[in-house]
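Pasting a structure here, questions to come.
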Amino acid sequence: MQGSFSHFGYLITILVMVSGLYIVMAQGNLIKKLIGLSIFQTSVYLLFIVPGKLLGATAPILSPHHALYSNPLPHVLILTAIVVGVATLALGLALVVRVREAYGSIEEDEITALENQAAGPEIHA
Amino acid sequence: MTSLHGLVPHPALLLIAGALLLPLLRGRARSVAILALPALALAALWLLPDGVLWRVHWLGYPLTPLAVDRLSRLFASIFLLLAGIGGLFALRQESRLEIPAAYLYAGAAVGVTLAADLISVFLFWECMAIGSTLVLWSAGTPAAWTASRRYVGVHLAGGMLLFAGVAGQILGTGDTGFHVMRLDSPASWLILAGFLVNAGAPPLSAWLPDAYPEASWSGMVFLSAFTTKTAVYVLLRGFPGTELLIWIGLFMIFYGIVYALLENDMRRILAYSIVNQVGFMVTGIGIGSEMALNGAAAHAFTHILYKALLLMSAGAVLAATGRRKCSELGGLFHSMPVTTLCGIIGALAISAFPLTSGFVSKSLVSQAAADAQLQGVWLLLAAASAGVFLHAGIKFPWFVFFQKDSGLRPADPPASLRWAMLLLAFLCIALGIWPDPLYALLPYPVAYVPYTAAHVVTQLQLLLFSGLAFFVMLDHLRRTPTITLDFDWLWRVAGPALAGVARARVRAARARLARGLTGLGRRAGAWILRNRAPDGLLLRSWSSGSMSLWVMLVLMAYLALYYLG
Amino acid sequence: MSLAQHLPALQVVLPLISAPLAVLLRHGGVAFLLVTAGAWAAFAAAVALWLQVDLLPAGGVLTYHIGNWAPPWGIEYRVDRLTSFVLVLVSGTAALVLTYGHASIEREIARASHYLYYAMFALCLAGLLGITITGDAFNVFVFLEISSLATYVLIALGRDRRALTASYRYLILGTIGATFFVIGVGFLYLLTGTLNIADMGARLRDVENPRAVLAALAFLTVGISLKLALFPLHQWLPNAYTHAPSTVTAFLAATATKVSVYVLIRFYFGVFGESLVFQRLPLPEIMLGLSLLALFAANLIAVFQDNLKRMFAYSSVGQIGYITLGLSFDSVHGLTASIVHLFNHGVAKAAIFLLIGGLVLGIGRPGAPPPVPTFKHLAGLARRMPLTCLGIVLAGLSLIGVPGTGGFISKWYLVLAAMEQRQYWLVGAILLSSLLAVAYVWRFVEAAYFRPVPGDGGVVREAPLVMLIPAWILVAASIWFGLDTSLTVGSALDAAQSLLRSGT
Amino acid sequence: MKRGHRLEDPRSIRKLWRGFLVLLALSVLAGALIDPKPHFAIEGWFGFHALYGFVACLVMIVGAKVLGWCLKKPDTYYARDGHDD
């Protein structure tokens, strides 16, 4: 029972990870890409948290009533990771605003076309 | 290092340092420095005793950048001597780059001869390539520029071979020392190949007549002296008695003769004859007896002198007339008597006429072939001697200074050039009459007398009758304004043509690939999304989307390989 | 004495605190002074750490426990030979680039955002130093993100609007890379229950589930490879380097990818080297293949570039191929080559990009936005900017690997490593690929030295001395480390030996 | 100097030819007077070197001619198609 639950957690993790990555790959809209990126990062939070959670355990507060504690470390780590994720998202969105100002679009293919136009033969890749 | 020689600078580094400072000088100070530098370096060389004098550690290897023995002293001396005389000759050269470049080049060549470990040899070797390329550039013509690109390409390739060989040799034997090597490992073959590229051996011999004649009127004098003779030196030290070298040398000899016979450009004739003469030395090294090695070393010594003399006379003609083609020259003896005289002396010396320096050195090689009972080799060498007289000994002076009158009446060159030529002409004759000082410098004791009646008479017969053949066949030797294709055709025409074809192909292929990838992307997108977006989302986000796709692909590849592997 | 004990912390903290100070003071000039002082202080700390490590016996490690929490629970800063080597490279480059940058920044970045530029630079530096010095895997991730976020901003500061998209793409890719990295760390944490890198390696030996180790290895490899721009994960790099301000390009080229290489080395040899799966994997083969691709494809693409910065950006991708090639040999010589090349290439590339910054300044018209340095601008430039052009050529020689330059030393060890394993064809490949480097450096030489000055060349001045001197210090260093190798090779050999000794 | 140098006078050229032929004859005759000290049997033949020199040169000239037919190109060959760039 417990085993299948933990596997379930992993499956969710993988599903979130893959769908996030897929959005990054498949979407041309810069904001949607960032959303995909956030979803992708969320999967990591799950990856760390899920094994830290023990059934029937409680938060690691020393108390005579409990013998089983969850591992606090992953939670701490993920707090940091969430901060990093928020910062990344904020920066990404700020960049998109600037891109919109500069190019008048947030669709990557239109931007690429504009770039290539401006650059002429210079851009090869 | 406590004795006097501890205070004596490394001759090569002295010359190189001087070369780097030369551009700062002007006027008389510059002229004095140009003449004094090689003299100082020569003095330093002769103040040094025999033996290993410098030991340093680099990259954890013991290096000996300064070690003197008879062989290295001989080559270093002639290099420095020629650097000085060449500097005198080039004193009036307008290009301010040329002499510093030439001294860098000469210094590096001296460095090779004084280095007793492979790494130092390699370092100086590359330095030499840079110096010689700069000499070539300083001619400043578009032709020199394009030739220098091909030149540097060949030498970098040669340097790479040598680099790989040196690395392999050190790793294989654990020894950095530069000793006699046997061809028993890939590394030693690579080293030999690297050396031979600089010697002008086939199939890369074409770089020499391609590049050297494009140098300035004085630049070619420097170029002729160092690169090929350094190669002879390292072959002497590293591969004496390697039989393969006999055949390579013979090929070079006849290649030089035949191509020179077909050539119209006087400086290209002389360039081919460098290959030809180096062929004699390489053959001598291949024979490998003491006398043969002496012969190769002595021939390198004398050859540097007379080839420089020939090139100076050709350079004087070029500087005065601006012409290089035999078909446009002729009758110059009217107004350039000194140049003509010096050209003839050089031509006689290269043909090994008795009483010239070529006679006393080339005889050593053919005598060694005879002593080793190599009849075929000996016969070919004899034929080659005749051939040298044919293509360089008569052809060069005849077509440039005599034959039909071209109507040109340029004056003899200015004093510094004349003195340089006369000095070399004197040395060519002096060593021919009195070879003992040269013989005393050779690596092994010499018990050979060149002036026996038999030898003089047979040599005269050989040369005079080849002269007869020349005049008899003169009609067939008329100069036409042509060049002869050589291996360099491969990289000058075939290579670019192939590259052009390849470029067109690549362009087409890229378009195809792009189309193909587009299609693939479409299909992949459609496959992932089932029936969504017929124009393929993966494509639309080609930039950052494709990057992430790549990330995924690489991750998948890693995972797959890990789990399968 | 207490100061000396706290050096590992100061190393990161000094640049770190200069960032918020710079933001609070909101003044470009003050920020410049603060951050530059911070960088020089970090450099001094790095040198001091170097000297401390020097006093330890071979293979010795300095450790510093943050907040006095003992490892493996607390975060530990570890300084060994390799660490201090990279610290010196990173902080030294930062100090020189910052000193150089003032004049260039004036032209390339709007005055109002100067203080932000300096703050970001300080954050980026602190992040890179933190990655290098920390002994905690998750801490590496945090510092990685600090430096990356700062880097995205720095790139976006470029005047060209393409800088924005380049930065955006790098943000997407960089985040994916960092997330992969943290996934890998997560796996390792699950397997070993520790985040301390040294501890992790020790405990991984007893792990019985090789499949999870493999997954961790794959995620870590891909994540770090992205950050170090291993071919074909390099696609973010050319645009980012091309459109970023010159100083940023110079700093990133010299340090960011190099620090990533350092992380890769740490994990490969420090963590996975201990595990049993490591030896059985086709890891060297994959690494070898990708490195060769980088050497040839990236260098070839570089030859055909029209934009000077883009050309050298692609050359960076190619040069990273040499570094990873060295790793793939899994031998002392190979690892030495990697570490030495990491240093030598960093120095040479920083010099080149700094000089290009001066070049951009020289060819630009006052008041106008800085021009894109294409080959069209280069015609005959050597006559008008002799020092700049000569410097680029000299540093370019190091990229080629001409004897007497730093690049030669690394090539030498690569060739030795290849020969040791009797892979002679690889020797040929290494040497052939340096011919490609000859080709693009040659293109520069030809344009700058041999093309005539165009008639409408405009006024071109040599770059100011304040820019030339730091750039030339780096040029001189790239020559110096080709001649005197006791510092580079000595420490690289040391580091390689101790890494491999602990590994097998 | 008005009508050519004396070396270009046909009469002196004829004289030079005669002198040259005499020299040739002398060199061959001298061969009879000295001890050839041959290394190889073939060297002992009378006038061997003279004959060998002459024939070898002819062969080389003819060989060069033959090669020339195959490989000769106008000297503007490389410059023509811009190959020389």
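Each value in this text was obtained by applying a stated rule to the coordinates, not by laboratory testing. Note that the coordinates shown come from a computational prediction; the quantities given were computed from them, not determined experimentally. For neighbour counting, all protein chains shown are included, and Cβ atoms are generated from backbone atoms with ideal geometry for every residue, glycine included.
Given the rule -39500 (n - 2.57) for each run of at least 4 DSSP H residues, summed and divided by the residues of chain C, what is its mean residue ellipticity at 222 nm, to the nearest 500 deg cm²/dmol?
Per the formula, -24500 deg cm²/dmol.
At 37 °C and 0.692 mPa s, grab the translational diffusion coefficient of the range C:145-255 from Stokes-Einstein with a Kirkwood Rh over Cα pairs, rounded to a whole number in µm² per second.
Estimated diffusion coefficient is 217 µm²/s.
Given the pairs B:K307/C:K411; C:K349/C:K376; B:K307/B:K404, which span a C-alpha to C-alpha distance of over 30 angstrom in this model?
In this structure, B:K307/C:K411 exceed 30 Å between Cα atoms.
At each listed q (0.12, 0.15, 0.21, 0.23 Å⁻¹), what is the log10 of I(q)/I(0) that the Debye formula gives for the range B:301-399 modelled as equal alpha-carbon point scatterers?
The Debye formula, applied to the Cα set alone, gives -0.44, -0.63, -1.01, -1.14.
Then there's this: For a Förster distance of 56 Å, can you work out the FRET efficiency between the beta-carbons of C:V61 and B:S416, rounded to the nearest 0.05? Let's see the in-between values first.
Values: r = 68 Å, r/R0 = 1.21.
It comes out at approximately 0.25.
When the expected Rg is taken as 2.2 N^0.38 Å, what fraction or multiple of it is the alpha-carbon Rg of the range B:308-365?
Details: Rg = 13.1 Å, N = 58, 2.2 N^0.38 = 10.3 Å.
This ratio for the range B:308-365 stands at 1.27.
Using 0.36 nm times the number of residues separating C:R159 and C:E106, minus their current alpha carbon distance, what extension gain do you get?
Value of the extension gain: 17.9 nm.
Which residues' amide hydrogens lie under 5 Å from the amide hydrogen of C:D136, considering only partners 5 or more residues apart or on another chain, with H built in the peptide plane?
Placed amide hydrogens put C:E76, C:I197 under 5 Å from C:D136.
Please give me the summed charge of the neighbours of B:V317: other residues whose Cβ is under 9 Å from its Cβ, Lys and Arg +1, Asp and Glu -1. Could the numbers behind the result be given before it?
Working: positive: B:R323, B:R324; negative: none.
In short, +2.
Sticking with this one: Excluding residues fewer than 8 places away in the same chain, name every one of the aspartates and glutamates whose C-alpha is closer than 14 Å to that of D:K65.
By straight Cα distance, D:K65 reaches B:E263, B:D475.
Rounded to two decimal places and with Rh computed the Kirkwood way over Cα pairs, what is Rg over Rh for chain C?
With Rg and the Kirkwood Rh in hand, the quotient comes to 0.96.
Please work out the FRET efficiency for the pair B:L553 and C:S113, using the Cβ-Cβ distance as r and a Förster radius of 35 Å; give the result to the nearest 0.05.
On the way: r = 38 Å, r/R0 = 1.08.
Result of the calculation: an efficiency of 0.40.
Taking 2.2 N^0.38 Å as the expected size of a compact globular protein, what ratio does the Cα radius of gyration of the range C:23-172 give against it, to two decimals?
Ratio of Rg to 2.2 N^0.38 Å for the range C:23-172: 1.15.
While we're on this one: For chain B, go through all pairs of different Cα atoms, get the mean of 1/r, take its inverse, and jot down that Kirkwood value in Å.
25.4 Å is the Kirkwood radius here.
Same structure again: Hey, any idea what the orientation-averaged projected area of the convex hull of the range C:220-377's Cα atoms comes to, in nm²?
8.9
Which residues' amide hydrogens lie under 5 Å from the amide hydrogen of C:T374, considering only partners 5 or more residues apart or on another chain, with H built in the peptide plane?
Long-range HN contacts for C:T374: C:L308.
Separate question: Using C-alpha positions alone, give me the convex hull volume of the range A:2-122 per residue in cubic angstrom.
Hull volume normalised by residue count: 114 Å³.
While we're looking at this one, here's another question. What list of ³J(HN,Hα) couplings, whole Hz, do you get for the range C:237-245 from phi and the Karplus terms 6.51, -1.76, 1.60, once you set θ to phi - 60° and write x for glycine and proline?
5, x, 5, 4, 5, 5, 9, 5, x
Modelling each spin label as a point 7 Å along the Cα-to-Cβ direction, I'd like the C:W73/C:L25 distance in nm, to one decimal.
Spacing of the two 7 Å Cα→Cβ label points: 4.0 nm.
Right, something else. Per residue of the range B:413-424, in order, report the coupling 6.51 cos²θ - 1.76 cosθ + 1.60 (Karplus, θ = phi - 60°) as ³J(HN,Hα) in whole Hz, putting x for Gly and Pro.
x, x, 4, 4, 5, 4, 5, 4, 5, 5, 4, 5
Obtain the nm distance between the two label points defined at B:R26 and B:L7 by a simple spin-label model: each point lies 7 Å from its Cα along the Cα-to-C-beta direction.
Computed distance between label sites B:R26 and B:L7 equals 3.5 nm.
Something else now. If R₀ is 60 angstrom, what is the calculated FRET efficiency for the pair D:A30 and C:Y424, using the beta carbon separation as r and rounding to 0.05?
0.55
Okay, next question. Just subtract the alpha-carbon distance of D:V62 and D:V22 from 0.36 nm times their residue separation and send over the number in nm, one decimal.
11.7 nm
Continuing with this model, one more query. For the range C:371-491, what number results from the quotient of the Cα radius of gyration and 2.2 N^0.38 Å?
Working: Rg = 17.3 Å, N = 121, 2.2 N^0.38 = 13.6 Å.
Taking N as the residue count of the range C:371-491, the ratio is 1.27.
Once you have all Cα-Cα distances for the range B:1-239, histogram them in 5 Å bins from zero and send the whole-percent values.
1, 7, 15, 19, 19, 16, 12, 7, 3, 1, 0
Further, regarding this structure: In whole Hz, what ³J(HN,Hα) sequence does the range C:426-434 give by Karplus (6.51, -1.76, 1.60; θ = phi - 60°), x for Gly and Pro?
So the J values, rounded to whole Hz, are 5, 4, x, 5, 4, 5, 5, 5, 6.
B:D117's amide H: which non-local residues (gap 5+, or another chain) put their own amide H closer than 5 Å, with H modeled 1.01 Å from N in plane and none for Pro or chain starts?
When sequence neighbours closer than 5 places are left aside, the close amide H contacts are B:T64, B:F178.
Hey, another quick one. Using only Cα positions of the protein assembly as shown, each an equal point scatterer, no hydration layer, compute I(q)/I(0) via Debye at q = 0.04, 0.09 Å⁻¹ and quote the log10 values to two decimals.
-0.29, -1.10
By counting other Cβ atoms within 10 Å of each Cβ, how are B:H10, A:H75, C:H341 ranked from fewest to most?
Starting with the residue having the fewest Cβ neighbours, the order is A:H75, B:H10, C:H341.
Treat the count of other C-beta atoms within 10 Å as a stand-in for reagent exposure and order C:Y100, B:Y255, C:Y189 from fewest to most.
Ascending number of Cβ neighbours within 10 Å: B:Y255, C:Y189, C:Y100.
May I pose another question? Kindly put B:L63, C:L154, C:L129 in sequence by how many other C-beta atoms sit within 10 Å of each C-beta, fewest to most.
Ascending number of Cβ neighbours within 10 Å: B:L63, C:L154, C:L129.
In Å and from the alpha-carbon atoms only, list the Rg and Dmax of the range C:282-504.
Looking at the range C:282-504, its Cα Rg and Dmax stand at 18.4, 64 Å.
In addition: Within 10 Å of each Cβ in peptide D:65-72, how many partner chain Cβ atoms are there on average? Round it to a whole number, please.
Partner-chain Cβ atoms within 10 Å, mean over residues of D:65-72: 5.
Pairs of alpha-carbon atoms within less than 8 angstrom and 6+ residues apart define the contacts here; what relative contact order does chain B have, in percent?
Here the relative contact order equals 12 percent.
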